[in-house]
1. Quick one: work out the % antiparallel among DSSP beta bridges in the range 225-330, nearest 5.
2. What residue among K318, K83, K285 has the largest mean-square fluctuation in a Gaussian network model of the chain, using Cα springs under 10 Å?
3. Hey, what's the Kirkwood Rh for the range 151-321 if you take every pair of different alpha carbons, in angstrom?
4. Mean shadow of the range 234-317, computed from the convex hull of its alpha carbons, in nm²?
5. Using helices alone, I'd like the mean residue ellipticity at 222 nm for the chain: each DSSP H run of four-plus residues gives -39500 (n - 2.57), total over residue count, nearest 500.
6. Hey, what does the equivalent ellipsoid look like for the range 43-165, semi-axes from the Cα gyration tensor as sqrt of 5 times each eigenvalue, largest first, whole Å?
7. Where the accessible area of the chain is counted over protein heavy atoms with a 1.4 Å probe, how much of it, in %, is carbon and sulfur?
8. When the convex hull of the C-alpha atoms of the range 199-241 is computed, what volume per residue in Å³ does it have?
Amino acid sequence: MQSEFEFINKIKNKSRKPQPSQAVVGIGDDCAVLPKNAKTDLVITTDLIVEDIDFRTEWTTPEFLGHKALAVSLSDIAAMGAKPVWSMTSIGIPQAIWKTDFVERFYEGYFRLAEKYNVELIGGDVSKTPDKIVIDSIVAGETKKGKAVLRSGAKAGDLIFVTGELGGAAGGLKLLESGFNFNPSEEARQKNLVLRQLQPSPQISSGDFLSANKLATAMIDLSDGLSGDLRHICRASNTGAKLFAEKIPFDKNLNSLFESFEEKIEFALNGGEDFELLFTVNPKKYFQAQNEFEKRRFSLVGEITANVEMIELIRDEKSGILQPKGFRHF
Ligand code: ADP
Ligand code: MG
């Protein structure tokens, strides 16, 4: 059976591009990039969110779901170093859910986040489904012409960074799977992990900072996990990478709930959904921006190499090859 990556590649090869193509970037990055005018490019992304595949109604609330539907697309806009501007959202809802206050509460969560980033909902569609909830979230935004940060710009010798802390969303999912029910009065660490899973924060400000200062050579958002998403950068950039296991910033809320290093690194590498940014920087640029990187708590986790598509994980000064594993829909 073909993987999601093989499927996307097949579509990419089959799609008949008009000549000349109007797209600056088409299939293969976090967003497509289109020319707007002499100064500005448009970026646009879509995400499909399916009940019982991407979320479970018994583990979340309609408000969290509305927030997350928008947040995952905002995260792709952040990964281009762009500013979000417009959104469209389509929802398919089973009859029984339609009769409840689900939709109202969904948009409550959606608009709260949209307001924070000044995103204008400009359309969408609504239909019934036989059984499960389906949401298609589209967000469009803008960058300075030619300044969208692509997955394909990493060079051997570039340093690899992540924003924030990793593994929290996977830890939260594990808690939910093990029967933990979200309850605001629950213990803070558990609550924080569950919130990382249910209510992710898109890293718009970090993405904007990196592109405005021309610091990132390549960037992606961490939706699949460090292992899979670094692989996407390596494939697109025709490079390899080294990751330093001891330098990965694990979510502090995992401490004492998930003690073993094995479990934490598994969450960070293969858990996904942290929606932090993974980016590469030329070492000279890093030395100039070091103070700002420290202030913003960006963590240096590795280095880009010339070993095409080979990702090494260095731990206790020993090196092993990291096998692809990230979250798969199929
Ligand atoms: P992300 O995790 O950043 O949302 P995806 O892994 O979903 O990215 O998609 C990777 C690339 O493949 C994107 O450019 C996306 O637009 C494209 N893509 C995904 N599914 C399809 C599809 N069914 N048809 C065409 N392009 C697709
Ligand atoms: Mg992405």
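The values are calculated or read from the model by the stated rules, or taken from the named source; none is laboratory data. Quick caveat, the model's predicted, so the values are computed rather than measured. Cβ atoms come from the backbone with ideal geometry, glycine included; neighbour counts cover every protein chain shown. Heads up: the accessible areas ignore ligands, DNA and RNA and are worked out on the full protein's heavy atoms, side chains in. Shrake-Rupley method; radii C 1.70, N 1.55, O 1.52, S 1.80 Å.
1. Restricted to the range 225-330, the bridges split so that about 65 percent are antiparallel.
2. Answer for the Gaussian network model of the chain: K318.
3. Radius from the Kirkwood sum: 16.3 Å.
4. 6.7
5. -10000 deg cm²/dmol
6. Equivalent ellipsoid of the range 43-165: 31, 16, 13 Å, largest first.
7. After summing per-atom areas, the C and S share lands at 52 percent.
8. Residue-normalised Cα hull volume stands at 72 Å³.
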